[in-house]
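Following this message is one structure expressed as structure tokens.
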Amino acid sequence: MWLKKSNTVLAAAFILFILWFGTEFILSPQTTAPGFGLPSWPSGDGDGFLIVKGIRDVVLALVLGVLLVTGHRRALGWVLLVEALAAYGDMATVLAHHGSVATALGVHCLTATLMVVNGLLILLETRKVAVVMRPATSAG
């Protein structure tokens with residue numbers, strides 16, 4: 001039972017963090033953008049690209065939130081694993097564009113890795129339920 005509770009708390013924390021971060025990029029892209037880790041930002045009308053990043057994050061958070069609220073825990077575990085790729089992609093983008101290594105590893109890589117751990121723990125937690133729910137085969 002403690003595994004389910006801790007998985008739920010961690011997943012909820014990810015949802016709130018991703019939702020908050022995405023909303024900040026939508027509402028205030030220029031002030032939020034420096035925390036992403038890239039050395040320079042788009043000039044002129046580049047805010048639109050930052051807002052796209054914010055919308056992506058909000059949608060990622062809402063997908064996780066729907067799965068958590070509706071109790072689809074096994075799907076939540078899989079989606080956490082898949083969505084971690086976005087954070088690993090952010091890390092790779094920062095590193096490929098000579099951005100802050102500390103932010104790439106300390107924010108993006110750490111977040112992605114914790115999402116993978118949370119996803120795997122949820123899959124482990126739900127594996128027992130999935131095994132118990134399998135129908136028995138009939139001999140005959």
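The values are calculated or read from the model by the stated rules, or taken from the named source; none is laboratory data. It should be emphasised that the depicted structure is a prediction, and the values quoted were computed from it without experimental measurement. Cβ atoms come from the backbone with ideal geometry, glycine included; neighbour counts cover every protein chain shown. With ligands, DNA and RNA removed, areas are computed over all heavy atoms of the protein, side chains included. Shrake-Rupley method; radii C 1.70, N 1.55, O 1.52, S 1.80 Å.
Taking only the stretch 19-45 into account, find how many residues are touching a residue at least 60 places away in the same chain (Cβ under 8 Å) and part of a helix (DSSP H, G or I).
2
A follow-up question, please. Are any of the residues in the stretch 23-32 open to solvent by less than 30 Å² (accessible area, probe 1.4 Å), touching a Phe, Trp or Tyr at 6+ places or on another chain (Cβ under 6 Å) and at pLDDT 95 or above?
For the stretch 23-32, residues open to solvent by less than 30 Å² (accessible area, probe 1.4 Å), touching a Phe, Trp or Tyr at 6+ places or on another chain (Cβ under 6 Å) and at pLDDT 95 or above: absent.
Further, regarding this structure: If only one of V94, V63, V79 is surrounded by fewer than 19 Cβ atoms within 10 Å (Cβ to Cβ) and part of a helix (DSSP H, G or I), which one is it?
Selected residue: V63, the only one of V94, V63, V79 that is surrounded by fewer than 19 Cβ atoms within 10 Å (Cβ to Cβ) and part of a helix (DSSP H, G or I).
Collect the residues in the stretch 46-60 that are small (G, A, S) and in a helix (DSSP H, G or I), keeping them in residue-number order.
If the condition is that a residue be small (G, A, S) and in a helix (DSSP H, G or I), then G48, G54 are the ones that fit.
While we're looking at this one, here's another question. Go through the stretch 46-60 and give me each residue that's at pLDDT below 95, charged (D, E, K, R) and open to solvent by 40 Å² or more (accessible area, probe 1.4 Å).
D47
Can I ask one more? Answer yes if at least one residue in the stretch 126-140 is crowded, with 17+ Cβ neighbours inside 10 Å, part of a helix (DSSP H, G or I) and at pLDDT 95 or above, and no otherwise.
no
Separate question: Hey, does the stretch 61-72 have a residue that's out of contact with any Pro (no Cβ under 6 Å at 6 or more places or on another chain) and at pLDDT below 95?
No; the residues of the stretch 61-72 include none that is out of contact with any Pro (no Cβ under 6 Å at 6 or more places or on another chain) and at pLDDT below 95.
Another question, then. Out of (1) of a type in the set (F, W, Y); (2) more than 26 Å from T8 (Cβ to Cβ); (3) touching a helix residue (DSSP H, G or I) at 6+ places or on another chain (Cβ under 6 Å), what's the single condition that is false for Y88?
(2)
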